[in-house]
Amino acid sequence: MNAVEVHNLNKRFGTFLALEDVSFAVQPGEAFALLGPNGSGKTTTLKSIAGLAPPTSGQVLVEGIDVWKCPREAKRRFSYLPQRVAFPENLTSREVLEFYCRLRRVPTGRAEGALSRAGLNRAECSAKSVGTFSGGMSQRLGIAVALLAEANILILDEPTASLDPAGAAGFLDTIEKLKRGGTTVLFSSHVLFDVETLADRVALLLDGRLVAIESVEGLRRVLRRGAPTRTMLRRADDLAVRVARRAGATEARIDGRILTFTSDAEDRISILRSMEEAGCGVESFSTEEGSLQEVYLRYIHEKSADHRVDHARGVPDRSAAAD
């Protein structure tokens with residue numbers, strides 16, 4: 001049984017279609033990221049899963065339980081951290097945590113561990129009211145509240161958005177330990193470092209539509225298909241361009257003695273061999289591997305409906321279109 005299942009989720013706000021036919025499944029113990037720019041539908045998706053924003057149509061299951069038909073039973077199985085947290089400003093963080101312990105019917109002794117895992121100084125938290133907290137401290141308190149229940153599933157909306165680099169690193173380390181212990185983590189982010197560090201798989205949302213769903217390594221493979229290879233040739237002319245294209249290059253261009261071509265990774269050696277056999281004289285070559293940032297930007301700029309996800313194959317074939 002999947003930890004979370006989303007089936008054909010649609011959400012309208014008046015005439016605005018915020019989510020269009022979004023479907024995916026999160027496996028038990030998996031860290032699954034919703035990645036996308038602001039306004040892509042990440043928060044609306046998570047709120048629908050958490051039972052806070054009723055979908056216009058579609059179904060959400062948490063450990064097989066329909067969130068909208070059996071909300072109380074479903075909500076016992078996960079802990080949710082919203083993108084923006086707000087607490088009574090006159091309370092201390094310890095008082096906030098003790099309140100949530102009573103609300104969730106968990107031992108108040110868990111407050112100490114939650115504070116520590118969220119990276120909050122316990123002595124300072126006992127003395128200061130929440131109203132004096134910085135944005136980062138408030139976010140850490142929200143994380144501590146989310147960790148109180150020790151739920152099987154964590155649903156986190158932009159959890160590191162207000163954290164400084166040290167706080168973000170500590171939080172990611174905490175979540176990684178929980179994941180290793182079997183906790184399922186479903187989170188949204190537009191911070192690629194967080195996704196690369198934590199996620200097993202990534203669903204990429206654009207304009208409320210699911211554009212791709214793939215492993216982080218799978219997204220890198222998409223990038224490598226279009227990674228340029230720079231080749232220093234003794235003879236760099238139109239012949240080299242023609243030979244490279246006949247041998248499988250999708251693009252090829254000459255700049256002085258440098259031929260730059262793009263191709264599938266498995267075709268690079270045969271292309272270089274073909275140019276050598278044609279008398280072009282390969283003196284050196286290098287391939288410029290990119291980052292996940294470039295994959296992200298490639299998808300951002302390719303919003304055609306032809307690029308919607310095919311659930312049977314994962315990432316759409318973009319070899320011809322080399323965010």
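Things worth noting here:
- Dipole axis of the chain (+1 Lys, Arg; -1 Asp, Glu on Cβ), positive-most option in Ser188, Val243, Leu52: Leu52
- Convex hull volume of the chain per residue (C-alpha atoms, cubic angstrom): 158
- Between Glu98 and Glu251, the simple spin-label model (points 7 angstrom out along Cα→Cβ) gives 6.2 nm.
- Computed [θ] at 222 nm, deg cm²/dmol, the chain (DSSP H ≥ 4; -39,500 (n - 2.57); rounded to nearest 500): -10000 deg cm²/dmol
- Charge tally in the Cβ shell below 15 Å around Val185, where Lys, Arg are +1 and Asp, Glu are -1, Val185 excluded: -3
- Given charges at Cβ of Lys, Arg, Asp, Glu: the stretch 121-175 dipole, positive-most of Thr160, Ala149, Phe133: Phe133
- Rg/Rg_globular for the stretch 89-147, with Rg_globular taken as 2.2 N^0.38 Å and Rg from C-alpha atoms: 0.98
- By definition, a body whose alpha carbon gyration tensor gives a ≥ b ≥ c is rounded when a/c is under 1.5, and the stretch 228-287 falls into this rounded group.
- Summing charges over neighbours of Ala74, with a neighbour being any other residue whose Cβ is under 13 Å away from its Cβ, gives +1 when K and R count +1 and D and E count -1.
- Compared with the direct C-alpha span, the chain from Asp200 to Arg84 gains 39.3 nm at full extension, assuming 0.36 nm per residue.
- Value of relative contact order over the stretch 52-173, rounded to a whole percent, pairs C-alpha under 8 Å and six or more apart: 32
- Charge tally for Thr56 (other residues, Cβ to Cβ under 15 Å; Lys, Arg +1; Asp, Glu -1): +2.
Laboratory data are not the source of any read-out in this text; all were calculated from the coordinates shown. If you're wondering where the values come from, they're calculated on a predicted model, not measured in any experiment. Heads up, the Cβs are rebuilt from the backbone with ideal geometry, glycines too, and the neighbour counts pull from every protein chain shown.
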